[in-house]
Each structure stands twice: as C-alpha cells, then as structure tokens.
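In what follows, a structure is listed as structure tokens, so that the remarks can point back to it.
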Amino acid sequence: MRRLTPLVIIGTLIPSLLADTWHSPDGRTIEATGLAWNRSGVILKRDDNQKELEIPFGNIIPDDVKRALQSLPFRTNDDVRVSAKTMVVSSSAQERDTGDYVASVRLYSYDGYNLNGTATISPITESYRKSGRVVEVELKSIRGDGHVGLEFYAVRGSGNDKTIYHSQCSVVEFRQLGSKARFSAPETENLNGWVVIVRSPNTGKIIDIESSMSHLEKFVSGQLPEIAKINLHEAELREEVLKSLKIPTNSAATAKATPEVAGDGVPEGKLQQVRKAAEQGDADSQFLLGFYYTKGEGVPEDKVEAVKWYRRAAEQGGAGGQYALGVCYSEGEGVPEDKVEAVKWYRRAAEQGDADAQYELGFCYSEGVGVQEDKVIGYMWFNLASAQGDADAKESKNTLTDRMTKEQITEAQKLSREWMEKHQK
C-alpha cells in the first residue's frame, strides 16, 4: 500500500441530508432521510428514534443510487487502529569546519637571513552523526475496509529546542485485515523521534496516534488544527461504484443494477475466461487471477492461492506477476516474509521496465532492506521510475539526494542513462 494521495485542507465538515422515498427493484418503497453513502450502499434513517439503516446498492433502483451518490456525502469506516514501528535506522558520519585553524611549522635551519622549513595552516574540523528513520505503519479495523487521513511528523532536537523538521500527509485506503504504509524521515542531526496521526475523513478529528516516544505526541498534536478536511476524491469513488454496478453515467437507467456478478464487480463470464486462460498458461491471466484472489473479487479472498498464480506468471517472465510476488514476500502475505526474496522478484520486474518494481527496488537499496544499502543504486531505480511518471519515485529521489554527495548523484545519473540506453535498443 504505497500509493498515497494528497491530504489536508483545514475546514469544517457539514453533511447534507436528503429526505425522500427510496425504491427497490421489486416495487417496494421506504420513506427515509438519506444520510450518506459508502462503497456498499446508502445509509438511511427513518426518524430520530430508529437506528441508521444501510441499504445495499443492489436493493434500490439505479436512479436512486445515482441520486444518492450525487446528493449525499461519502462516509467511510474510520473505526481503525494504528500501529507503527521503526523499520530502518540510517546513519552517516559527517565532518564540518569549526571556523578555527591550527598552524604547524617545521623548522630545519635558520642562518640569520633564510628560514629553511615548512609551515601549514589547516582548518579544524569536528565529526558528528546524522540519522534518519523509515517507519512502517499498519492500519486495521474490525468493521471492514475504510479510508483515513494519515500524517507523519519527524522531530529533532530536545527540550525547548525541539522542532518538526519533516512531515508527510496522505489519504490511505486500508483493508480490514491490515494494510501497511511507509514513511521516511531524512537524516538529520539530533533526531528525536516520530509521530503518526490518524484522522477521520468523516469528522476531520484525530482518532488515533502512535509515536516512537509518547512525550512527542503532545508536542506535535499541540501544533496541529483540531479539525482537518480530508479530500477523498469522491468523484473517483462515485465513478467506481457506478462502474461496479454497471450503471451508465450518462443516462437514467431504470433496470436492476447488475445481473450475474460474481462478487465485487467481477462478471462471472469474465472470471471463467480468466481462469481458463490462466490454467492454459497465459501469464497475464495468471497475474489477473492472482489479483482476484488477493482482493477477494469474484472469489473468496485467499492469499496463498494468489501467490500460486503470481508465481506461475512470474516464472514465465511476466513483470506483473514478478512485482506482485515481490510484494507478497515483502509483506508476508501468503508466504513467510522474506525481504531478500522480495528484492529478487522486484529486480526481475524492474529490469523489464515495471515502474512500481523500480520504485520498490529503489526503496530497498536506499534503506538497506533485503539488500546491502547502496544510495547510488537506489537513486538510479528511483530515477528510472520517476522518468515513467511515478510521482512517489520522484519524491523519494528528491529526499534521497539530501543523503548523497554530488559525486554519488552524478554516478547515479550516469547509471540511469546507461540503463535506459541499454534497454531502449
């Protein structure tokens, strides 16, 4: 779960309400106030004395589905708990000029007129260390999938000299059984620690907080607004729902939404075609079938079965299968976690030009995950993914430059050009 979308605009969240009659495909109706919608259906309330009702989209006619999507706010599950841990500690030795100088004189002879010897004046330097962190965040909920606003803050200094020197904000979609994200704090002097804050997209309020040291939580949260408006890109979510229900966006459909759907928007006929092609050895279909098992789309969610199909695709040279298999090993999904094995499969996909794999390989090299740390090679892979339009890779490359010398950057750029020339032939 690395793809993160921009977050936060300060404001107040005021939901709109829609009181009306809702119609089922078989002609039944319900008088209720529309409160919101989510990926599953419309949330209604008959009166103040009754609980909220969630009516699946398939139980109301397409016109009412479209009306709800256009008139009501999106409500996501934000009953989520966060855990976070430092995954990588990076450290480098530095030297700096103190501004003082020392003179050294070697006197060999003096005859009253000439001085025979040497004299040098050298700057005095002192050594110090810079350190950084890579933090892994995991989100879980007992109430299903959802979205949250996720904020990461890195703090340096101590006492009254503490300051937030790095921050990242994202909107993250998480799965019920757990989803992970990574944040990187660039190397700095006197790194103190980090804080992760989770906000509800529904209210904009902080719903959970995790940190490397608890005393930093109050320090960081005290500098933040109590409420932030989370941009969930509702238009995209709306289009996803309409597409999954096979409801045209340019006309008022009146028929029942989706005949013969094998679960979460995968038509039964397509699932059978994909499975048949996968069993006959088509690498793209093997990757797609693995994806269905990963997401539980059209089939029961089964990470082990997903790995089986990813592996078949990967062993045939399919870049999608190789990348997906790398993710499974990296996250320990369907197989025991093995960072070294993850790097192996990322590399095979990256060499074929897969931008996602190039990004992951850049991360592994830049932070020493599953492979010996090599910032030059890490920069090269970030650079190659960035050249394909990967915004995450571009940001990571820019962050990595703060930890590299000019000579290292020049060498990494040279390697990038050589790789591109070789693979464009």
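How much net charge surrounds D354 when only the other residues with a Cβ under 12 Å from the Cβ of D354 are counted, with Lys and Arg +1 and Asp and Glu -1? Combined, the nearby Lys, Arg, Asp and Glu give -2.
The angle between the Cα long axis of helix 234-244 and the main principal axis of the chain comes to about 50°, on a 0 to 90 degree scale.
In the structure shown, do any of K375/K397; K375/K406; K243/K276 have a Cα-Cα gap over 18 Å, and if so which? Where the Cα-Cα span goes over 18 Å, the pairs concerned are K243/K276. Protection proxy ranking for 382-395, 126-139, 187-200, using the average of other Cβ atoms within 10 Å per residue and placing the highest first: 187-200, 382-395, 126-139. When peptides 80-88, 204-212, 322-330, 57-65 are ranked by their average number of other Cβ atoms within 10 Å per residue, the highest-first order is 322-330, 57-65, 204-212, 80-88. Straight Cα distances below 20 angstrom link K218 to the lysines K85, K162, K205, with same-chain residues fewer than 8 positions distant left out. Computed from the Cβ-Cβ distance with R0 of 45 Å, the FRET efficiency linking K344 to Q223 stands at 0.55. Using only Cα atoms, tell me the angle between helix 319-331 and the longest principal axis of the chain; keep it within 0 to 90° and round to the nearest 10. Tilt relative to the chain: about 80 degrees.
Maximal additional length on extending the D111-S24 stretch stands at 20.0 nm, based on 0.36 nm per residue less the C-alpha distance. Across R143, R175, the residue with the most accessible area heads the list, and the full order at a 1.4 Å probe is R143, R175. Ligands, DNA and RNA excluded, the heavy atoms of D374 present near 60 Å² of accessible surface to a 1.4 Å solvent probe.
Put simply, when 415-422, 364-371 are sorted by average Cβ atoms within 10 angstrom per residue, most first, you get 364-371, 415-422. Quick one: angle between helix 303-315 and the longest Cα principal axis of the chain, in degrees between 0 and 90, rounded to 10, please. For 303-315 against the chain, the angle is about 60 degrees.
Dividing the summed helix terms, -39500 (n - 2.57) for each DSSP H run of n ≥ 4, by the number of residues in the chain produces a 222 nm estimate of -11000 deg cm²/dmol to the nearest 500. Electrostatic tally near I230: other residues with Cβ closer than 13 Å to its Cβ, Lys and Arg +1, Asp and Glu -1, net 0. Go ahead and set up a Gaussian network model of the chain, Cα springs under 10 Å, then flag whichever of P73, P25, P123 fluctuates most. Judging by the Gaussian network model, the answer is P123. A cut-off under 11 angstrom between Cβ atoms defines the neighbours of K375, and their net charge, with Lys, Arg +1 and Asp, Glu -1, is -4.
Each part reduced to its alpha carbon centroid, the range 95-165 and the range 372-407 end up 22 Å apart.
The values are calculated or read from the model by the stated rules, or taken from the named source; none is laboratory data. Please read these numbers as outputs of a predicted model, since none were measured by experiment. Positions of Cβ are generated from backbone atoms using ideal geometry, with glycine treated the same way; all protein chains shown enter the neighbour counts. All accessible areas refer to the heavy atoms of the entire protein, side chains included, with ligands and DNA or RNA removed. Shrake-Rupley method; radii C 1.70, N 1.55, O 1.52, S 1.80 Å.
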